[in-house]
Structure formats: structure tokens, C-alpha cells
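Chemist: Next up is a structure, given as C-alpha cells.
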Amino acid sequence: MGWESVLLLWSAAWGAVALVGAGRSLAGVTKAQRTVRLAGRIERVGEVEHGSSRIGGIPVTVAWRDPATGREVLAEGDDGRGETLTAAWVGREIGVSHPAGRPAEHRFANAPEPPARGLAGPAGALFAAYAGLVALAAVRWDWPWALVGGAGAWALLGLWHLPWNVRDRRGKRARLAVMDAVPGRIVAVFRDVRVDEDDGSTITTLTPVVAFTTRDGTAVTAHCTARLADPARSRGRAVTVHHTPADPAEFTLDPAADRRSWAWDLAVSVIVLVLLAATAAVGGWLLLSR
């Protein structure tokens, strides 16, 4: 069996998977569609344990109403099954999801999630099928097809996302300009250790936890992703926290550094987009010039 046959079978198989997944989504039987998604409210925030894992590291008690029974459900954490809550305070609305009729198998998210159609899997399968077709075109007709089909598709995707990125950066800058500055303190440092499967080296991730109180009296506990000097010994350190009044989960310790980072991220996105478009153009020129 030659490369063309292998690539053709690859694309056909993934295309079939994508079609089956899309059909299941239309029928409303995907796992995502059978998952109940609703909003919960944090009723209590416990003390974080210094040196523990950041996965499920902020102990919270969450309440929500089960739509099937109408009863209120009260749960403490989700045992790390769901998204890690990076900020918590009493009264915060978070996302809760669980299989229909099984609220004990709940998962938390930092924000309520809209209903899903279960198309992530089919979209991934469609991408795999497309990649196979691009490779097939490169093998059968000529290698510049890989430049056109590969870089061209990514350039179109980047062009579609670029306006959203620009609006997002503008919104962040506007919110940064009206942030409140309040005193905070590093109350703990989470420590996660994993072993690299390739070389067996040990990788340690340290996540400081900051506690601060907003001007309206809301006590917030959150993961601190800012670069702190000597994070392993940062417990007890006093810091100044800049947060948006409407959402204390959006905060920073260094507004100037965030501005520079956002500008650099946008510049990198534009540069990558230009390079991808140029690569696709070169592939097209090579095909036309033959």
C-alpha cells in the first residue's frame, strides 16, 4: 500500500468520524448535550492549605438548584474533576455541570457555561481529514500544495480571529484604566510536582495564592499568576492588587507589565498571520509558475 492509499484511507476514516459526530449532534444524543449546565453560587470559602496542589486547591462550598427535582444541592469542591477555580469569594456565580439526574458527579467552572452541541470532537476529526487531504495533494500533485493548503487555512483562521483579539485587548485596556488598587497578601503557595515522561526529570510548578478585600468588603482568594520574585518564599508577602470593580477575578499586580504583554501578544499574532499568508502566497506562486 502506497502513501496515497494510506492518506486516502486516513482522510476517509476521519471524515466518517466527523459525519457520525455531526449526526449525533443533530440527533441531540452527544455527551455534551446530555450534560446539565447551570449556575451555582459559592456559599463558603475555606482556608487554602500551603504546599497543597493547585488543582481544586481553593476549598469552596457551592449551592445550586437541581432542575430535575427542584431541590437545592450543596457540595464541597469537585475533587479536581472540573475546571480549577482560580478565584473564589462568597456570592460568586460559577458554572456547574453534571450528567442528567446525577448531581453528585458535578464539575465546576470559573463561569457558567452555555449549552454545548458536542461538535468539538467532530471538528477535530474534520481537521484531521483535511490535513490528510492536504498531504495527499502534496504527494500526488506537488509539494507547494502543502504550503497553500496548510498555511492558507491557518491564515484564514487567524484573520477571522484577529478582530476579536483586537477588541479583547481594547476591552482589557479600558478595564485596566478603571481598576481599584487594594492591599493584598500572599497567603499560601501551591506546589505541583510531575515527572517528565520523556527524560524522567522532575518539574515543579509553584502557584502563589493572594487574598485581598475589595472596597465593597468582598473577601477574595485567588491564584496569582504574576511573576513574583522567589515565589517559594512569597508566603506572607504584602502586595498591591489592582482589580476591576465588577469582577474581582480580573486582577493584576503589575498593570504596566500587563499592558506590555497584551501589546506584544497582539503584535505576535499579526506577525504570525502575515507569515502564514506569505507562505500560502509563495505556494500559490510556485504552482502558477510551473
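Chemist: Which residue pairs have Cβ atoms closer than 7 Å, lie 6 or more positions apart in sequence or on different chains, and pair a first residue in segment 112-131 that is within 30 Å of A63 (Cβ to Cβ) and in contact (Cβ under 8 Å) with a residue 60 or more places away in the chain with a second residue that is surrounded by fewer than 18 Cβ atoms within 10 Å (Cβ to Cβ) and charged (D, E, K, R)?
Modeler: Within 7 Å, the pairs are P112/E93; E113/R37; P115/R37; G118/K31.
Chemist: Tell me the residue from L273, L176, L266 that is at pLDDT 90 or above, within 23 Å of the chain's Cα centre (by Cα) and aliphatic (A, V, I, L, M), please. Don't jump to the end; show me each part of the working.
Modeler: On the way: L176 fails: at pLDDT 90 or above; L266 fails: at pLDDT 90 or above.
Sole residue among the options that is at pLDDT 90 or above, within 23 Å of the chain's Cα centre (by Cα) and aliphatic (A, V, I, L, M): L273.
Chemist: Among the listed residues G51, G40, which satisfies the condition of being over 24 Å from A111 (Cα atoms), out of contact with any Leu (no Cβ under 9 Å at 6 or more places or on another chain) and not in a helix (DSSP H, G or I)?
Modeler: Working: G40 fails: over 24 Å from A111 (Cα atoms).
Selected residue: G51, the only one of G51, G40 that is over 24 Å from A111 (Cα atoms), out of contact with any Leu (no Cβ under 9 Å at 6 or more places or on another chain) and not in a helix (DSSP H, G or I).
Chemist: Among the residues of segment 143-173, count how many are of a type in the set (V, I, T) and surrounded by 14 or more Cβ atoms within 10 Å (Cβ to Cβ). First the steps, then the outcome.
Modeler: So the first thing to find is which residues in segment 143-173 are of a type in the set (V, I, T), and the list is 148, 166.
Checking which are surrounded by 14 or more Cβ atoms within 10 Å (Cβ to Cβ) leaves us with 148.
Within segment 143-173, residues that are of a type in the set (V, I, T) and surrounded by 14 or more Cβ atoms within 10 Å (Cβ to Cβ) number 1.
Chemist: How many of the residues making up segment 93-107 are charged (D, E, K, R) and either under 19 Å from the mean Cα position of the chain (by Cα) or closer than 19 Å to R54 by Cα (or both)?
Modeler: Result for segment 93-107: 2.
Chemist: In segment 186-200, what count of residues is obtained for those that are more than 20 Å from T84 (Cβ to Cβ) and assigned to a strand (DSSP E or B)?
Modeler: Within segment 186-200, the first condition is being more than 20 Å from T84 (Cβ to Cβ), and the residues that meet it are 195-200.
Retained after the next criterion (residues that are assigned to a strand (DSSP E or B)): 195.
Qualifying residue count for the region: 1.
Chemist: Given the structure, is R107 among the basic types (K, R), at pLDDT 90 or above and in contact with a Ser or Thr (Cβ under 6 Å, 6 or more places away or on another chain)? Lay out the reasoning, then the answer.
Modeler: Values: among the basic types (K, R): yes; at pLDDT 90 or above: yes; in contact with a Ser or Thr (Cβ under 6 Å, 6 or more places away or on another chain): yes.
It is true that R107 is among the basic types (K, R), at pLDDT 90 or above and in contact with a Ser or Thr (Cβ under 6 Å, 6 or more places away or on another chain).
Chemist: Can I ask one more? Taking segment 43-78 as the region of interest, how many residues are free of Cβ contacts under 8 Å to residues at least 24 places away in the same chain, charged (D, E, K, R) and under 21 Å from V193 (Cβ atoms)?
Modeler: Here the count works out to 0.
Chemist: Restricting the search to segment 248-286, which residues are surrounded by 15 or more Cβ atoms within 10 Å (Cβ to Cβ) and aliphatic (A, V, I, L, M)?
Modeler: Hits for segment 248-286 are A249, L253, L266, L273, L276, A277, A280, A281, L286.
Chemist: Still on this model: Can you tell me how many residues within segment 75-92 are surrounded by 14 or more Cβ atoms within 10 Å (Cβ to Cβ) and assigned to a strand (DSSP E or B)?
Modeler: Total satisfying the criteria: 3.
Chemist: So if I check each of R107, R102, which one is more than 19 Å from V209 (Cα to Cα), basic (K, R) and in contact with a Lys or Arg (Cβ under 7 Å, 6 or more places away or on another chain)? Spell out the reasoning first.
Modeler: Values: R102 fails: in contact with a Lys or Arg (Cβ under 7 Å, 6 or more places away or on another chain).
After applying the criteria, what remains is R107.
Chemist: Could you list all residues from segment 120-178 that are closer than 30 Å to S5 by Cα, of a type in the set (A, V, I, L, M, F, W, C) and not in a helix (DSSP H, G or I)? Give the steps one after another, and end with the answer.
Modeler: Filtering segment 120-178 for residues closer than 30 Å to S5 by Cα gives 120-157.
From what is left, the residues that are of a type in the set (A, V, I, L, M, F, W, C) are 120, 123, 125-129, 131, 133-139, 141, 143, 145-148, 151, 153-157.
Within segment 120-178, W141, W143 qualify.
Chemist: Would you please name the residue that is surrounded by the fewest Cβ atoms within 10 Å (Cβ to Cβ), looking only at residues in segment 32-74 that are touching a helix residue (DSSP H, G or I) at 6+ places or on another chain (Cβ under 9 Å) and under 19 Å from P115 (Cα atoms)?
Modeler: Applying the filter and picking the extreme gives A68.
Chemist: Exactly one of (1) at pLDDT below 90; (2) surrounded by fewer than 17 Cβ atoms within 10 Å (Cβ to Cβ); (3) part of a helix (DSSP H, G or I) is unmet by L7. Its number?
Modeler: That leaves (2) as the condition not met.
Chemist: Out of (1) free of Cβ contacts under 8 Å to residues at least 24 places away in the same chain; (2) farther than 23 Å from A211 by Cα; (3) of a type in the set (A, V, I, L, M, F, W, C), the odd one out for W14 is which?
Modeler: Tallying (1) free of Cβ contacts under 8 Å to residues at least 24 places away in the same chain; (2) farther than 23 Å from A211 by Cα; (3) of a type in the set (A, V, I, L, M, F, W, C), W14 fails exactly one: (1).
Chemist: Something else about it: Taking segment 196-247, which residues are surrounded by fewer than 10 Cβ atoms within 10 Å (Cβ to Cβ) and aliphatic (A, V, I, L, M)?
Modeler: Listed by number, the residues that qualify are I203, A229, A238, A246.
Chemist: Would you call I203 in a strand (DSSP E or B), within 24 Å of G80 (Cβ to Cβ) and modelled with pLDDT under 90? Steps first, please.
Modeler: Numbers: in a strand (DSSP E or B): yes; within 24 Å of G80 (Cβ to Cβ): yes; modelled with pLDDT under 90: yes.
For I203, the condition - in a strand (DSSP E or B), within 24 Å of G80 (Cβ to Cβ) and modelled with pLDDT under 90 - is met.
The values are calculated or read from the model by the stated rules, or taken from the named source; none is laboratory data. Just so you know, these numbers come straight off a predicted model, no measurement behind them. So basically every Cβ, Gly included, is an ideal-geometry build from the backbone, and we count neighbours across all protein chains shown.
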